[in-house]
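The values are calculated or read from the model by the stated rules, or taken from the named source; none is laboratory data. Given the structure is predicted, the values throughout are model-derived calculations rather than measurements. Positions of Cβ are backbone-derived with ideal geometry, glycine not excepted, and every protein chain shown enters the neighbour counts.
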Amino acid sequence: MMRLALFALLPFAAMAADLKPQMLIPDKVVFEDDFSQPRELKAVAAKSPQVGAWNPNQGTRWKVADGVLKGEASSPEYQAAHDTHKGVHPRIVLTKTPADYILKFSMRLVDGKPFVAGERKSIPPFVEIGHHVARVTWGENGAMLLADGDSLQLDVAKDFRLEAGKWVVVMVERRADEVLVQFQDGPTFYGKHPSYKSELHAVMLGGLEAGHMEVDDVTVWSIKPGEQPSWAATLKARPAAKEVRIKEAKK
């Protein structure tokens, strides 16, 4: 479906003309997937040596078809057999991320039950960098970047929504205790927090309850030392961060 076959021939600026890194300097492509080969994906224990690049989470069902990665909630049988972590939202983990990296991908929420706080034991869609390390998540009040085990809001975009059926291009930049997440034609989230300095760095994507989700055009780059020449000015121009404790942090 996509353009990754040309990546080896093009400079980074041409590869990602729509989204360019603001903070980090890309080095080599360490992983890419254009989902051109149909296949079923099976979950494997996260620490298993057999774990693949894509690891379905909580029994959710994923396959590569029609040139994209397609996901849906777990089966009714799986949900009935589990008291928690039932897999009511499609969730998948990209394991092929080094400690520091740049990641670019496209995602689409095809359908699902809109998140309404307090109505059901569901959670809103998310892009998670490291399990409960850094998370951009959407709720009734727009989107926010979380830290400290999802208990602390570092950045917010109250008017940013994910529209069902619409593709969105995302770029993640991760280095030590910093995370930057850009959305094409949308906001950029930035956070720096001690809780971000973690050995957990795999990326998890989550969709809507009882819904379907698609992913495409995934590329991961390692990074060079230093940062973008314009980063200091870009950071200075951003509004001052205002941390908001949204729930008690776990001990």
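A few remarks follow.
Okay, residues lined up against (1) modelled with pLDDT under 90; (2) within 10 Å of the chain's Cα centre (by Cα):
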residue	(1), (2)
105	no, yes
110	no, no
114	yes, no
121	yes, no
132	no, no
137	no, yes
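- Qualifying residue in the stretch 109-122 (condition: closer than 18 Å to residue 181 by Cβ and crowded, with 17+ Cβ neighbours inside 10 Å): yes
- Checking 222, 198 one by one, the residue that is at pLDDT below 95 and either on the phi < 0 side of the Ramachandran plot or assigned to a strand (DSSP E or B) (or both) is 198 and no other.
- Scanning the stretch 169-180 for residues that are buried (at least 20 other Cβ atoms within 10 Å of the Cβ) and over 18 Å from residue 95 (Cα atoms) gives a single hit, 180.
- Every condition in (1) closer than 30 Å to residue 34 by Cβ; (2) among the charged types (D, E, K, R); (3) crowded, with 18+ Cβ neighbours inside 10 Å holds for residue 185 except the one numbered (3).
- Per-region count, the stretch 128-149, residues in contact with a His (Cβ under 6 Å, 6 or more places away or on another chain) and either under 17 Å from residue 107 (Cα atoms) or surrounded by 20 or more Cβ atoms within 10 Å (Cβ to Cβ) (or both): 2
- Subset of the stretch 140-156 [aliphatic (A, V, I, L, M) and touching a helix residue (DSSP H, G or I) at 6+ places or on another chain (Cβ under 7 Å)]: 147
- Among the residues of the stretch 152-210, just one is of a type in the set (Phe, Trp, Tyr), within 27 Å of residue 98 (Cβ to Cβ) and touching a Phe, Trp or Tyr at 6+ places or on another chain (Cβ under 8 Å), namely 183.
- Some residue of the stretch 167-177 being touching a residue at least 12 places away in the same chain (Cβ under 8 Å), touching a strand residue (DSSP E or B) at 6+ places or on another chain (Cβ under 6 Å) and farther than 25 Å from residue 28 by Cα: yes
- Here the stretch 215-238 is the region considered, the condition is being of a type in the set (A, V, I, L, M), touching a Phe, Trp or Tyr at 6+ places or on another chain (Cβ under 8 Å) and more than 13 Å from residue 104 (Cα to Cα), and the residue that is surrounded by the most Cβ atoms within 10 Å (Cβ to Cβ) is 223.
- Matching entry among 161, 91, 135, 108 (being under 30 Å from residue 228 (Cα atoms) and touching a residue at least 40 places away in the same chain (Cβ under 8 Å)): 108
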